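Each remark here refers to the structure printed beneath this line.
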Amino acid sequence: MNFEHTDDRRMLADTLVRALRDGYAIDTRNAGAYSEAGYDPAVWQQLNELGIVSALFDEAAGGFGGSGFDIMVVFEALGRALVVEPFLGALMAGRALAAGGGHDDTLAGIVSGETIAAFAQDDGATPVTATKSGDGWTLSGTKAVVAQADAASVFVAVVEQDGDPLVLLVPADTAGVSVRSYNIVEGGAAGDVTFDGVTLGADARVGGEGQGQAIVDAAVGAGLLALSAEAVGAMEFVKEATLGYLRDRKQFGVPIGKFQALQHRMATVLLEIEQAQSAVINAASAFDGDDAKARARALSAAKYTIGRTGALVAEESIQLHGGIGMTWEYAVSHYAKRLVMIDHQLGDEDFHLQRYIALG
Amino acid sequence: MDLSFTPEEESFRDEVRAFFRDKLPARLSTLVREGKRLRKSDMEEWHAILNERGWLANHWPEEWGGPGWSVIQRFIFDNESALAHAPRVVPFGVNMLGPVLIKYGSEEQKKHWLPRILDGSDWWCQGYSEPGAGSDLAGLKTTAVRKGDVYVVNGQKTWTTLGQHADMIFCLVRTDPAAKKQEGISFLLIDMKSPGIEVRPITLIDGEQEVNEVFFTDVEVPVANLVGEENLGWTYAKYLLTYERTNIAGVGFSIASFERLKEVAQTQKKGGRALADDPLFAARMARVEIDLANMQTTNLRVLAAVAGGGAPGAESSMLKIKGTEIRQEITSLTRRAYGSYAAPYIPEALEAGWNGEDVGPEDAAMAAPSYFNNRKLSIFGGSNEIQKNIISKAILGL
């Protein structure tokens, strides 16, 4: 048992953190995040030159990493800088394709960063149904709030066929596919993706017959780990910013960090962030393990933990800052929004607590 | 990063498990599992078994009788110990005084006192708190005035845990009343049989006599029993407290008591089904279980970060707060789990050796007293609020 990263992984993390700190200031981020596209294509290209996506995949899939701890360090770094470019879609869509096998060209495009992909998950509220037609399928229905839907040139969509999940690769320019795009609260873009009688051939299926659930588990598992790590990265930034403010801001003639009422709140924030970090380490460790149930439980435990702690850190950091924490101009407000809204992605804290219990 | 045990750690764990299986008397593990109060002889019996194997003081250096374990080995041992329902090691000599003597004691003191801690010749208790010095520990008023070869001690200590069994007490005393309060304190070892010492029991909220008041009237203590230098006792006192707090995290105890809670939740019924299947209770249990799994990793991260395997500094305050919150929550859920049968108060049922007929489910009598007793966790060893002060200053730099 040890808690040190390998040299390679530490180097990856250091490189990424430094590159983002130097080249991805909050103004740069916000210019992309609140633009119509919800990200900056030029920045996306620059970041990809660092090989970020390749780090999320193993050699068989064309990458150079791909373990749970690789996903952890990459997304912690992305979260710390509040990166809004479509890395989550690349991870989830790519992991689905890698799990299913085939579609090698699309996977290669995703791993190299040339292809922007979105993972259109079935959250149960808006099932898209597939009906058999010839060798392939006809799709109808709408996927809600698909991250970076407008930017994506391919969708990996989870649809329902006779009650079972079916994973399909759908190019965005397929006839009958339309996207209603919008910005999201914390910056970035998403869209409702409508499939109106979309016809797909047999080759659209990701994986073999009956593999749908396993592919969904692979993709969503990676996504849960990534979101949990991203949240911890964002928490670390917010913690440092809030501590800085407690030291600098003076009222009643002293730094406000001298007041015990604020110190104790900050100590609690620190403790809970450490616990969240541990939850992500547990999840990254189980992610690579052989025990499917332990993996699923650890992922739900992590997402539950960061959902709860994310809201705590967001709310406490705003309160500890006072009015300045409420302003658009100040970086913490955007982090706080992300930390709260991350609970709305891939199942919230209640969902994952229930899942954790059901798996017990 | 790798959370799985290495083959060496696995085989160490097997060795530890085999030891508990072969050497832990069933009578003792049953008492611990049922949450009964142990007698002095029970605790001494277990200490002797551990000492025979060389595992009693598992964080001491090998030179002084420690086994030379890594932090991970100690963690494994503590976990397995709790899971096997072994009695706790009584901390005052082994975990508190031992490290202070090893770091600050003279050669003669180490040679004299350390073996006596191991072989059980001396039962130690802790003379820190006073009626007027709780959270403000440095405000203590018990005085020691040097007269020739002795210090003459006057004053009062309180909350002295298991002091009724003790042969010796390590005490913080004021040797320089004129100095700033932290700078006039010394660390003295005092024989409990000295003339002028009186021990009075304090009965706690659960009816147990676990703690005492200790009064000192013109008690003479040989100068040789001063640890380190006169007036530097506060440094030694704080060093001791970091050890005390790390142990308070009690991850192993939480794991064992959570396992017990799961069993109770399976057998207790609510609305015609097992309590474990009640969605609200299941959610309460799942929350604390996740917190505990996170805590286990937090604990290991803190220990792994300590170079040389000593005691962590202010990070032990984080472990203390979160660890005690979790332990308290588990005792709270266990109390709730027994429903109305948590109410009957059967003091004799709490004692080791009682063979009467249970009222309600087995062990129900222990649930509420244990919950109330464990309110102490967030108070002693420096209250959790004091820990937050320490975190603010030492970790957050506020």
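Every number in this text was worked out from the coordinates using simple rules, so none of it is lab data. Every value quoted in this text rests on a predicted model; they were computed, and no experiment measured them. Please note: Cβ atoms are built from the backbone with ideal geometry, for glycine as well, and neighbour counts cover all protein chains shown.
Structure remark: mean-square fluctuation, Gaussian network model of chain A, C-alpha springs under 10 Å; the largest value among A:G163, A:G141, A:G100 belongs to A:G163.
For chain B, a crude dipole built from +1 on the beta carbon of Lys and Arg and -1 on the beta carbon of Asp and Glu, taken about the Cα centre, is about 1000 debye to the nearest 20. The mean number of partner chain beta-carbon atoms within 10 angstrom of a residue's beta-carbon across peptide A:268-280 is 5. From the largest down, the stretch A:7-116 spans 40, 36, 18 angstrom on the principal axes of its Cα atoms.
Just checking the output field for A:297-309: average partner chain Cβ neighbours within 10 Å of each residue's Cβ?
Details: counts 4, 2, 0, 2, 6, 3, 0, 3, 5, 0, 0, 3, 1.
So the per-residue partner count for this stretch is 2.
Quick one: Debye curve from the C-alpha atoms of the stretch A:210-360, no solvent, what's log10 I(q)/I(0) at q = 0.09, 0.15, 0.21 Å⁻¹? Scattering profile of the stretch A:210-360, log10 relative to I(0): -0.33, -0.75, -1.20.
Measuring against 22 Å, Cα to Cα, the residue pairs B:K238/B:K322; A:K303/B:K322; B:K181/B:K320; B:K111/B:K180; B:K270/B:K322 contain B:K181/B:K320; B:K111/B:K180; B:K270/B:K322 as the ones spanning a longer distance.
The fewest-to-most ranking of A:F252, B:F215 by surrounding Cβ atoms within 10 Å reads A:F252, B:F215. If each Cα of the stretch B:1-144 is one equal point scatterer, what is log10 of I(q)/I(0) from the Debye formula at q = 0.09, 0.14, 0.16, 0.20 Å⁻¹? Those come out to -0.35, -0.79, -0.97, -1.24, one per q. Globularity index of the stretch A:118-204 is 1.03 (Cα radius of gyration / 2.2 N^0.38 Å, N = number of residues). The share of alpha-carbon pairs in the stretch B:346-398 lying farther apart than 14 Å comes to 65%. Please report the relative contact order for the stretch A:4-87, taking Cα pairs under 8 Å with a sequence separation of at least 6, and give it as a percent rounded to a whole number. Relative CO of the stretch A:4-87 lands at 36 percent. For the residues A:G323, A:G176, A:G253, a GNM of chain A with alpha-carbon springs under 10 Å puts the largest fluctuation on A:G253. Against chain B, whose longest principal axis comes from its Cα atoms, helix B:279-305 is set at around 40 degrees. Relative to the first principal axis of the alpha-carbon coordinates of chain A, what is the inclination of helix A:292-321, with its axis defined by its Cα atoms, in degrees from 0 to 90 and to the nearest 10? Value to nearest ten degrees: 40. What is the list of residues in the stretch B:365-386 whose amide nitrogen lies under 11 Å from a point 7 angstrom out from the Cα of B:Y345, following Cα to Cβ? Only B:369 pass the distance filter. Remark: relative contact order (the stretch A:65-217) = 24 percent; criterion is Cα-Cα distance under 8 angstrom and separation of 6 or more residues. Couplings for the stretch A:137-144, taken from phi via the Karplus curve 6.51 cos²θ - 1.76 cosθ + 1.60 with θ = phi - 60°, read 9, 10, 10, 8, x, 10, 8, 8 Hz in order; Gly and Pro are left as x. Coupling constants for the stretch A:4-9 follow from the phi torsions by the Karplus curve (6.51 cos²θ - 1.76 cosθ + 1.60, θ = phi - 60°), and in residue order they are 9, 6, 5, 4, 4, 6 Hz; glycine and proline get x.
For the stretch B:78-88, the Karplus equation 6.51 cos²θ - 1.76 cosθ + 1.60, evaluated at θ = phi - 60°, returns couplings of 4, 5, 5, 4, 5, 5, 7, 6, 6, x, 5 Hz by residue, with Gly and Pro reported as x.
Would the stretch B:124-231 count as rounded, prolate or oblate if I go by the C-alpha gyration tensor, calling it rounded below 1.5 in a/c and otherwise prolate when a/b exceeds b/c, oblate otherwise? Oblate.
Residues B:K23, B:K180, arranged from fewest to most other Cβ atoms within 10 angstrom of their Cβ, appear as B:K180, B:K23.
For the stretch B:7-89, what class follows from the C-alpha gyration tensor (a ≥ b ≥ c being the square roots of its eigenvalues): rounded when a/c is under 1.5, otherwise prolate if a/b is larger than b/c, else oblate? Please report the intermediate quantities before stating the final value.
Values: a/c = 2.16, a/b = 1.42, b/c = 1.52.
Since a/c reaches 1.5 but b/c is at least a/b, the shape of the stretch B:7-89 is classed as oblate.
Dimensions of the stretch B:249-395 from C-alpha coordinates, computed as largest minus smallest value along each principal axis and given longest first, are 51, 34, 26 Å. Near B:G271, once Lys and Arg are set to +1 and Asp and Glu to -1 for all other residues with Cβ below 15 Å from its Cβ, the sum equals +2. Taking chain B as the reference, fit the longest principal axis to its C-alpha atoms, fit the long axis of helix B:7-23 to the helix C-alpha atoms, and give the angle between the two in degrees, 0 to 90, nearest 10. That works out to roughly 90 degrees. Here the relative contact order of the stretch B:124-231, from alpha carbon pairs under 8 Å that lie six or more residues apart, stands at 30 percent.
For the stretch A:133-292, the alpha-carbon radius of gyration amounts to 1.51 times the rule-of-thumb value 2.2 N^0.38 Å expected for a compact globular protein.
Projecting label points 7 angstrom from Cα along Cα→Cβ for A:K337 and B:F5 puts them 4.9 nm apart. Two numbers describe the Cα atoms of chain B: Rg and Dmax, which are 21.6, 75 Å.
Spin-label pair A:A31-A:R247: with each label point 7 Å from Cα along the Cα-Cβ axis, the two points sit 3.0 nm from one another. Here, chain A has an Rg and a Dmax of 20.5, 78 Å when only alpha carbons are counted.
Simple spin-label estimate for B:L280 and B:S106 gives 6.4 nm between the two label positions (7 Å along the Cα-to-Cβ direction from each Cα). Assuming R0 = 30 Å, what is the FRET efficiency of A:T15 and B:R301, from their Cβ-Cβ distance, to the nearest 0.05? So the FRET efficiency works out to roughly 0.80. Dipole magnitude for the protein assembly as shown: computed about the Cα centre from +1 point charges on Lys and Arg Cβ and -1 point charges on Asp and Glu Cβ, it is near 2540 debye.
If R₀ is 60 angstrom, what is the calculated FRET efficiency for the pair B:R273 and A:F3, using the beta carbon separation as r and rounding to 0.05? So the FRET efficiency works out to roughly 0.90.
Averaged over the residues of A:352-358, the number of partner chain Cβ atoms lying within 10 Å of the residue Cβ comes to 4. I need the shape label for the stretch A:167-214. Rule: rounded when a/c is under 1.5, else prolate if a/b > b/c, else oblate, with a, b, c from the alpha carbon gyration tensor. Judged from the Cα gyration tensor, the stretch A:167-214 comes out oblate (a/c at least 1.5, b/c at or above a/b).
In summary, the convex hull built on the alpha carbon positions of the protein assembly as shown has an orientation-averaged projected area of 36.0 nm². Under a Gaussian network description of chain B, with springs only between Cα atoms under 10 Å, the residue in B:Q387, B:Q296, B:Q209 that fluctuates furthest is B:Q209. The listed peptides A:304-314, A:20-30, ordered by packing as a protection proxy, come out as A:304-314, A:20-30 (highest mean of other Cβ atoms within 10 Å first).
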